[in-house]
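J.: Okay, handing you the structure first.
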Amino acid sequence: MTESIRELHPEPSTDPRTTSEAVFAVEVPKDLLGAAAIKVNVELRDELGATAGQTPLFYVNDPPTLRVRAAAHAFVVGGPIELSATVGDSDEVAETIAVSWDVVAPAPSAVPLEDRPVPPDFSDPVHRTVGKTIVPDRTGAWDIRVRATDSQRDMPEQTEDHLLFTVGPDQPPCLAQSQPLVPPDGASLPITDPTLFQVAVVVDDLDPYPPLSGPHFGTTAFEWSILAPGSPGRQVLTGATGNSIDFDPSAFTPGDIVELRVEIFDRSLSAISCADAAATCAIAAPPTCIQRQTWRVEVR
């Protein structure tokens, strides 16, 4: 639209767009629909010649406003991304603005845009927000093109914006917090009374612990095992699939050294390939993101 301002003024004239009456009804001709606004010059004069004036602006078919944003717990394959478009218009109500979406994926994709309800913002009645959710199925650069179109029949105005984001692969989970504290290498943790061993926090793109709400998220899988004195090998604790176990030292002899181990997995179930003797294991960078934790316990 060509940006311009047309002036209407009350000077004496045969032009129907001027008047000296107290009420001035302005009918906008079609040839003014390309203008950004109409400026009306109003001048008041009293019988002594004193004057006062105003010059209000009246918008004519102004294009819609559009603000877009994307938010996600993690921009990874299989993770939900919330898309939002907030629209408004200075010369019509926001409910009449049509919003359209186009998805440009890194490679041909049939991933749909799902409607996401957005509660109205009663503190901002001149705008409305439209929500969508997309769950990308491949890595790379994504482009979501958003268009807002007003309801003007003769000359509809349109505003366009783009949501650009990069989607990466789902990374392995990271054990973030555990209890009790793990002793230094070569040292053991003295245990006299029944003790709870637990993983309090796991950081993950899609399957963290505690879990996130929503149909696209899961929770961390835990596998606990024990290496007891005289045992030919480490034994997986059947049924211990939660984030914690109770260790009762009364089942052992004072002086026994027992190893308790937990390993964590997300939905990809990536194998933990470190040697069994390794107390910790990180299967992907950074090395601080571990999937295995071992406690060396001394029974007393």
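J.: Surrounded by fewer than 17 Cβ atoms within 10 Å (Cβ to Cβ) and not small (Gly, Ala, Ser): does that describe Glu263?
T.: no
J.: Cβ-Cβ distance below 9 Å, separation of 6 or more or different chains: which pairs start in segment 242-254 with a residue that is among the aliphatic types (A, V, I, L, M) and end on one that is exposed (fewer than 11 other Cβ atoms within 10 Å of the Cβ)?
T.: Cβ pairs passing all conditions: Ile245/Leu196.
J.: I'm trying to understand the selection: among the residues of segment 250-275, which are closer than 22 Å to Phe222 by Cβ and in a helix (DSSP H, G or I)?
T.: Scanning segment 250-275 gives a single hit, Ala251.
J.: Something else about it: Could you list, in sequence order, all residues of segment 102-161 that are among the hydroxyl-bearing types (Ser, Thr, Tyr) and surrounded by fewer than 14 Cβ atoms within 10 Å (Cβ to Cβ)?
T.: Ser123
J.: OK, next. Kindly check whether there is at least one residue in segment 141-158 that is over 23 Å from the mean Cα position of the chain (by Cα) and either under 30 Å from Thr253 (Cβ atoms) or part of a strand (DSSP E or B) (or both).
T.: So far as segment 141-158 goes, yes, one or more of its residues are over 23 Å from the mean Cα position of the chain (by Cα) and either under 30 Å from Thr253 (Cβ atoms) or part of a strand (DSSP E or B) (or both).
J.: Check Thr159, Thr139 and return the single one that is polar (S, T, N, Q), in contact with a Lys or Arg (Cβ under 9 Å, 6 or more places away or on another chain) and in the same structural domain as Gly88 (by TED's automatic domain parsing).
T.: Thr159
J.: Considering only strands (runs of 3 or more DSSP E) fully contained in segment 44-109, which possess at least 2 residues that are hydroxyl-bearing (Ser, Thr, Tyr) and in contact (Cβ under 8 Å) with a residue 12 or more places away in the chain?
T.: The qualifying strands (runs of 3 or more DSSP E) are 81-88.
J.: Scan (1) in contact (Cβ under 8 Å) with a residue 24 or more places away in the chain; (2) surrounded by fewer than 17 Cβ atoms within 10 Å (Cβ to Cβ); (3) not assigned by TED's automatic domain parsing to the domain that holds Thr86; (4) not small (Gly, Ala, Ser) for the single condition Leu237 breaks and write down its number.
T.: Condition not satisfied by Leu237: (1).
J.: Would you mind finding the one in Pro172, Pro183 that is under 30 Å from Phe265 (Cβ atoms) and either at pLDDT 95 or above or loosely packed, with under 13 Cβ neighbours inside 10 Å (or both)?
T.: Sole residue among the options that is under 30 Å from Phe265 (Cβ atoms) and either at pLDDT 95 or above or loosely packed, with under 13 Cβ neighbours inside 10 Å (or both): Pro172.
J.: Which pairs turn up if I take residues in segment 175-195 that are free of Cβ contacts under 8 Å to residues at least 40 places away in the same chain and look for partners that are loosely packed, with under 14 Cβ neighbours inside 10 Å with beta carbon separation below 6 Å, at least 6 apart in sequence or on another chain?
T.: Partner pairs satisfying both residue conditions: Gln177/Ala200.
The values are calculated or read from the model by the stated rules, or taken from the named source; none is laboratory data. The structure displayed is predicted, hence computed values, not measured ones. Heads up, the Cβs are rebuilt from the backbone with ideal geometry, glycines too, and the neighbour counts pull from every protein chain shown.
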